[in-house]
Amino acid sequence: MKKIFAVIFVLFFTVGTYAQQSPGKDHAKLHINCVSCHTCGLPTKDEPCWVACPREKMITVYLKAEQTDELVIIDQANERFGPVYFSHRIHAQMSVMLGGCGNCHHHNTLEQILKCSKCHEPSRQRENIAILDLKGAYHRQCMECHREWSHETGCKSCHIPISEVKGSHKEESKKQLAGKVHPPVTEPTKIVYETNYEKGKFVTYYHDDHVKNFKLNCIDCHAQESCTKCHDVNNPSSDKLKLVKEKKSLEDHHKKCFSCHAKDDCAKCHLDKQVEQFNHEKRTGWALKKHHINLSCINCHGSKRPYQKLNNQCVSCHKNWKKETFKHYVTGLRLTEPHSELGCEDCHAGNDYSVKPGCNGCHENFVYPKQKPGILVGK
Amino acid sequence: MSGKSRRDFLKKSVAIGSVATGLSASTAKAGPKNILSEDRMGVLVDTTACVGCRNCEWACKDAHNLPAGNLDSYEDRKILETKRRPDQTALTVVNEYPHGKNSNLPVDVKVQCMHCDHPACVSACIVGAFSKQENGSVIWDTDMCIGCRYCMAACPFQIPAFEYDKAINPLIMKCDFCFNRTKDGKLPACVNICPVEALTCGPRHELIKIARNRIKRNPNRYVNHILGEYEVGGTSWMYLASKEFKELDFPDLGKNPAPGVSESIQHGIFAYFVPPVSLYALLGGIMWITKRRKELEEEEKI
């Protein structure tokens, strides 16, 4: 009887663990293309027919570095070494420009973060040799940066020899890592490149414009930049950031820009003088306020380049706008009773909303915004 | 090492002799092994992943009962400043080269026997001590080896080494694909220890697929070339790299099997009994001329 219970317990446990690691029972109903994970049309538990490690387009788990565990203990059975005390959070902070979470968690399905051992088998002698084994996978993750960073490949730079393992390591590591952060990476606002291009020597690049206007994440441009991008690899203990510029080919220099500016000609960026930051009001005479400032250019101007000039008529963009359903309070001003009955043109002469509304139709000596036809509300 | 021994060699010689003298050969050998079987094993060395820790060097020595020293002592990277070759004391070595494309990492290259599909050493060995096994490894029988070192001269990768320093019973030494481990179902020692799995051991055809796939997925990481896929008719050990292989001291060998040249010359000369026939013809000619001259001299005397 005891044996039967034991078998049931083991079965229950194994099934339980499997379910926990699976991407979710009904994930087939989600909007994911099956072929992004499976090679066959009808994957089963026994034959999941995984595609070989897609590193791109698979990442669905994005946590902020601060939300992650400070310390992760990697404790795989090993006769030579004790567990590795991995400072996860600080590594997560450092990896912002190195592919982000996906640099390590490269095969995440929705919801749960998969364990490495889900795909990477612990034994080197295995059926599917196309996917690295667990030892190889772990070491490659660490070594690819660490050997570039410190030129060290010695086991002891991460592992504690089994003879030196103490019970207090966990507490010591926790203490050591508590509150330890990578200083925030400061974003430049403007970078001026002085190039060799004769027809236009200067390329003025406004970093924050690109980030804000085009809603770019760090990794959209800084996808594979390791520590050595900023730190002096030959002197890693130095706090100073390196000033030596990398030697890059012409192609590499333009690669990042070309991912969006492929169709633009040289003069788009290369000019004979520095250019001022783009200012919608200065350039077009129409200031972007509260709502519109948060939109990216293509929301109004469409993706066709060069951008066409729009008129000031709201309806030219807000095509579905109807007077009957319009609620004035979205503008931040809730109209009081008599005013809400009026037509738009009664205050906004000629339906021109770019100029101040007038009160002269009904009131004498009333000036907006000194006198308001309603109450200011938050938007 | 292999099933062969000096006794087998003598038996074979007797058998061949008996066939030649018209006696029946009851001990005739079975047909040749399927040395180029579909499932023959190989190893894919990804030099872009290798970190140059040299654990493979230690494991190799340890598995072959060579003085290996302490594994910790292999962490000293100074040894990588000089280029080394595999020899009788180290059957595999790792060399370091300046960085390849898109990286400032050095390129570390493990060197050992390539275990050719058409091995020149097997062709050159005059006592038949060398053989290509069905699992892909090229091994040799130390009992049969007479120490002629033809294998060393024949090898296009200059791999076999000789224990010159040993006065008594010096042996040919080279990587044997850990034949003693693989026959028991274990992985080669170097493959087993590699921390980053830069060495992938598996069926050769599968490794080629994996290698192609890696190049396809990471065109920036690799040059589009699998060394050993076609070189000298294909080898069991194959390489991926981030820079041209000639910059990593690999010889530019072409696609023809290495024994092809030597064997065609040798076989060409000996075809259709040309050497014995021409030798006897020459000797016969000399005999005839001498005889003729004597006859003339005697005629003159008369």
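Readers should treat all values here as calculations from the given coordinates under stated rules, not as data from a laboratory. Treat the numbers as computed from the prediction; the structure is a model and nothing was measured. Here Cβ is always computed from backbone atoms with ideal geometry, including for glycine, and neighbour counts include all displayed protein chains.
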Pick from B:K209, B:K255, B:K61: which is most flexible by mean-square fluctuation in a GNM of chain B where alpha carbon atoms under 10 Å apart are linked?
B:K209
Please list the non-local residues whose amide H lies under 5 Å from the amide H of A:K190, H modeled 1.01 Å from N, same-chain partners needing a gap of 5 or more.
A:H207
Highest mean first, how do A:205-217, A:252-264 rank when packing is the count of other Cβ atoms within 10 Å averaged over residues?
A:205-217, A:252-264
Post the alpha-carbon centroid distance, segment B:121-199 to segment A:251-319, in whole angstrom.
67
Sort B:176-186, B:64-74, B:133-143 by packing, meaning the average of other beta carbons within 10 Å per residue, with the highest value first.
B:133-143, B:176-186, B:64-74
Amide H contacts under 5 Å for A:F81, placed H, 5+ residues apart:
A:I162
Among A:K273/A:K304; A:K290/A:K356; A:K135/A:K175, the pairs whose Cα-Cα distance exceeds 21 Å are A:K273/A:K304; A:K135/A:K175
Going highest first, how would you order B:288-298, A:137-147, B:77-87 by mean Cβ packing within 10 Å?
A:137-147, B:77-87, B:288-298
Averaged across A:151-157, how many Cβ atoms of other chains sit within 10 Å of each residue's Cβ atom?
5
Taking a ≥ b ≥ c as the square roots of the Cα gyration tensor eigenvalues, with a/c under 1.5 meaning rounded and otherwise prolate when a/b beats b/c, else oblate, which class fits segment A:52-177?
oblate
How far is helix B:274-301 tilted off the main Cα axis of chain B, in degrees rounded to 10, range 0 to 90?
30
Derived scalar couplings ³J(HN,Hα) [segment A:128-144; Karplus, 6.51 cos²θ - 1.76 cosθ + 1.60; whole Hz; x for Gly, Pro]:
9, 7, 6, 9, 4, 7, 4, 4, x, 5, 4, 5, 5, 4, 7, 5, 4
Interatomic Cα distance distribution for segment A:328-376, bins of 10 angstrom, percent
25, 66, 9
In peptide A:119-132, what is the residue-averaged number of other protein chain Cβ atoms found within 10 Å of each Cβ?
3
Placed amide H near B:M238: partners under 5 Å, 5+ positions off or other chain
B:V43, B:L44, B:V45
A correct Kirkwood calculation over the Cα atoms of chain B returns a hydrodynamic radius in Å of 22.1
Partner chain coverage, peptide B:71-77 - average Cβ within 10 angstrom:
3
If you wrap a convex hull around the Cα atoms of segment B:109-263, how much volume per residue is inside, in Å³?
129
Would you compute, for the Cα atoms of segment B:224-302, the largest minus smallest coordinate along each principal axis and list the three values in descending order, in whole Å?
89, 23, 14
Globularity index of segment A:152-203, i.e. its alpha-carbon radius of gyration over 2.2 N^0.38 Å
2.37
Within 10 Å of each residue's Cβ, count the other Cβ atoms and sort B:D117, A:D69, B:D108 from fewest upward.
A:D69, B:D117, B:D108
